[in-house]
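Below: one structure, written as structure tokens.
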Amino acid sequence: MKVFFKKLKKANKIMEVFYFITLIGYWVSYGLLVANLLSLTGIETVIRIIVISLFALYGLIYTIFGLVTLFKNKKIIFTILTILTILFGIVFSVASYYIDFIYSKIENFVTSETSTYTTVLLSLKETEFTNDSIIGMISDDTDRTGYLLPLELIQKENIQNEITYYDNYTELLNALYNKEVDAIFVNKDYAILYGGEQKFSNIANETTVIKEYSKEMKTEESELLVSTKSLTEPFTVLVLGVDSESTNGLDANAAFNGDTLMLITFNPKTLNATMLSLPRDTYVPIYNSSNRNIGYNKINSSAAYGTASTVNTIENLTGIEIDYFVKVNFQGVIDLVNALGGIDVDVEQPDYDYYVSQYGEGRLCESNSLRDTTNLVCMNTGFQHLNGEQALAYARNRYGFLEGDIARNRHQQQVIEAIAKKLVQTSSFSDFENLLDTISNNIATNMKTSQILSFYQSIKGMLSRALSGEEFISIQKLQLTYFTFDNQYGLSCVGYYQGSLDKVVETMEENLGLKDISTVKTFSYDYSEDYEQTSDIIGKGIYSGGQVPDQSIYGNNSNDNNDDENTDEPTDPIEQDPNEDNNEDQNNNEENNEDDNNNNDNNTSPEEPGNNPDEPQIPGTPTDPDTGDDNNEDQSTDEPTTPTDPTTPPTDDTSEEGNETQE
């Protein structure tokens, strides 16, 4: 040691200073790089180990050999080694910064384990709340804002009012509006959750908040929606649309109205995905967060009970386990599309006559991102390059189409596909940094950071495909065959055909590797059998298996007011059953059938606004409410009528379930 210090005293002082500064800087930057590389679990593990080992070896070489050249005063060799080491240190620092940046943005996707929940005591504005007033509450003892927080508030403020309990929020809201109760406990975002229904479309202006109570609680997502599945295995993800104006990221328990529900399966081995959009009005059994059946309702009503309720409801509908959810702030679509420089979409031509008469042939218009109907966003139909506002407007539009919400689901899928295709074309890191920042502020998921990182291999495979000129991902579009009806509350709902659901589920199971892909090896034809029409969209046009729900669930109320002339020929533009008209020549080609159906639809479209209580709203309604109505006249609406059930023809003067149903 004495010899070492003796030689150090004799060494060139300038070289000595440079040596120790460079040495310390190298090992500090190397340590930061190692820490960041080790955080990238599952990404190029072998390469990471090699890089860590090689630069550890180089650090040792510089530590020893640099000291030798210092003692021997070999300035040229020392200078070369020092410059090289400094360069390595700079590279390590820059790499550490970007790895940390990416990792922090990915962490921002992950929902936090706690969040602030808020309940409000709500009453109609004309109702005076007193000590004798009756309060309505949800009976579900797991509901945070409908039961748990209200009980805490009642105990805290010693509220002595009579309490009446209800099984679901539809009954609770009806009780408020029917004045069976004077006030109700609901989530603070009640306007978002319930404003989409026609009956409650003006709930924000018709009610007033009497009391409000908030508390930091563990999120239901962190308690109930936990998956350990790696994204290197086939997985399912439920995409939930959230209307939020926040620019600081989505809250863990951000309220969503259930208008956008998309179930996606992805197989990372085949890079094949399936995509199923579920209309908001689909009438199904609703399951709460504890997976208890609380009765039939529209599928979007599950949003009022939280994310876990929506996941449980769709799992029970399809029998497919949902591994992850992703909440997407569709306001953020604007920033994302603009950051991509726009997207290319084949904009569908509106087919609702009154809408076309307002905006012209070849034009599509919708309220802007703030739902301001005085400043419409318009675009031409056909293949178009859309900016952010236009992309969001197209994804939201349903009033220009006879299929209504079904058309909107289709538009959302188009926008998602276009965004995905543009994302893989990102070439510069600055663009990537901007995109990642935008995405992280508008997405929340129950995936862990390590699980998101495991998707790297799939991204690598997609990029390889794209660079070789192939489609970077294969997408199978799925759709149920629907019919419409009115439920017991007079709300327009959507049912489906069991055979269609079975085919959709089978396709998802095949993609997940849960079922072998079936191959038809033989074919026979029986002229006495009815055959289902085929479509590029899997599940569409399948009418077998009967209608769900059946008549015992929703009764006859949807068909009681149909005129005699409406019982002969269905006019449902959602799906036209190819077997409905037995008197037609079976040899008519598909094009003629389609033309006939379109003519029927167009001829029934109202020419003037206000002539028909069922007339759909065009983009003059900022709240995008459900346009359901109890009257059933033979007019084309934004959400179409119902085809006759081909499996159970009418047996008397009363229309069977699903016949000629209109909102």
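The values are calculated or read from the model by the stated rules, or taken from the named source; none is laboratory data. None of the values given here were measured: they were computed from a predicted structure. Counting neighbours? That spans all protein chains shown, and the Cβs are built from the backbone with ideal geometry, glycine included. The area values use the complete protein model at the heavy-atom level, side chains included, leaving out ligands, DNA and RNA. Shrake-Rupley method; radii C 1.70, N 1.55, O 1.52, S 1.80 Å.
Given a 1.4 Å probe and heavy atoms of the protein chains only, how would you sort 389, 321, 220, largest accessible area at the top?
Largest accessible area first, the list is 321, 389, 220.
Classify region 341-387 from the C-alpha gyration tensor, please: rounded if a/c falls under 1.5, else prolate or oblate depending on whether a/b exceeds b/c.
Numbers: a/c = 2.75, a/b = 1.10, b/c = 2.49.
The shape class here is oblate.
Rounded to the nearest 10 Å², what accessible area does residue 105 show when all protein chains are kept and the probe is 1.4 Å?
Accessible area, nearest 10 Å²: 40 Å².
What is the extension gain from residue 41 to residue 291, computed as 0.36 nm multiplied by their sequence separation minus the C-alpha to C-alpha distance, in nm to one decimal? Don't skip to the end; give the middle numbers.
Values: separation 250, 0.36 × 250 = 90.00 nm, distance 3.35 nm.
Extra length available between residue 41 and residue 291 comes to 86.6 nm.
Could you tell me the largest-minus-smallest coordinate of the C-alpha atoms of region 102-249 on each of the three principal axes, in descending order and whole angstroms?
That works out to 58, 34, 28 Å along the principal axes.
Once you sort the root eigenvalues of the Cα gyration tensor of region 5-83 as a ≥ b ≥ c, which label holds: rounded (a/c under 1.5), prolate (a/b larger than b/c) or oblate (the other case)? Before the final figure, lay out the partial values.
Numbers: a/c = 3.50, a/b = 2.75, b/c = 1.27.
Because a/c hits 1.5 or more and a/b exceeds b/c, region 5-83 counts as prolate.
When all protein chains stay in place, what accessible area (Å², nearest 10, 1.4 Å probe) is found for residue 61?
80
May I ask which of 421/540; 105/515; 298/503 have a Cα-Cα span longer than 28 Å here? Write down the numbers at each step before the final one.
Values: 421/540 25 Å; 105/515 36 Å; 298/503 22 Å.
Distance filter (> 28 Å) returns 105/515.
Using only Cα atoms, figure out Rg for region 423-505 and give it as a multiple of 2.2 N^0.38 Å.
Details: Rg = 20.1 Å, N = 83, 2.2 N^0.38 = 11.8 Å.
Relative to the rule-of-thumb radius for its length, region 423-505 sits at 1.70.
Tell me the volume per residue, in Å³, of the convex hull enclosing the alpha carbons of region 256-409. Intermediate results must be reported in sequence, preceding the final value.
On the way: hull volume 21.0 nm³, N = 154.
Considering the Cα atoms of region 256-409, their hull volume per residue is 136 Å³.
Rank 385, 411 by accessible area, highest first, at a 1.4 Å probe radius?
Details: 385 105, 411 0 Å².
Reading off the accessible areas and sorting them downward yields 385, 411.
Once you have a ≥ b ≥ c as the square roots of the Cα gyration tensor eigenvalues for region 114-167, tell me rounded if a/c is under 1.5, and otherwise prolate or oblate according to whether a/b is larger than b/c. Spell out each step's value before the answer.
On the way: a/c = 1.64, a/b = 1.59, b/c = 1.03.
It is prolate, given that a/c is not under 1.5 and a/b is the larger ratio.
List the pairs from 9/75; 211/327; 9/74 whose alpha-carbon separation is above 20 Å, in the order I gave them.
Details: 9/75 17 Å; 211/327 29 Å; 9/74 16 Å.
With Cα atoms farther than 20 Å apart: 211/327.
If you find the alpha carbon centre of region 475-509 and of region 121-178, how far apart are they in angstrom?
Here the two parts' Cα centres lie 34 Å apart.
What figure in square angstrom, to the nearest 10, would you give for the accessible area of residue 132 with a 1.4 Å probe?
Number for this one is 140 Å².
Give a quick list of trypsin sites (Lys or Arg not before Pro) in region 279-369 that DSSP marks as loop, anything other than H, G, I, E or B, with at most 16 other Cβ atoms within 10 Å.
Details: sites: 280, 292, 298, 327, 363; in loops: 280, 292.
Filter output for region 279-369: 292.
Working with all protein chains in place, sort 48, 408 by solvent-accessible area computed with a 1.4 Å probe, largest first. Intermediate values should be presented prior to the final figure.
Values: 48 30, 408 10 Å².
Result, largest first: 48, 408.
Skipping prolines and chain starts, which residues have an amide H placed within reach, meaning under 5 Å, of the one on residue 166, given they are 5 or more residues away or on another chain?
Counting only residues 5 or more places away or on other chains, the set is 137, 138, 139.
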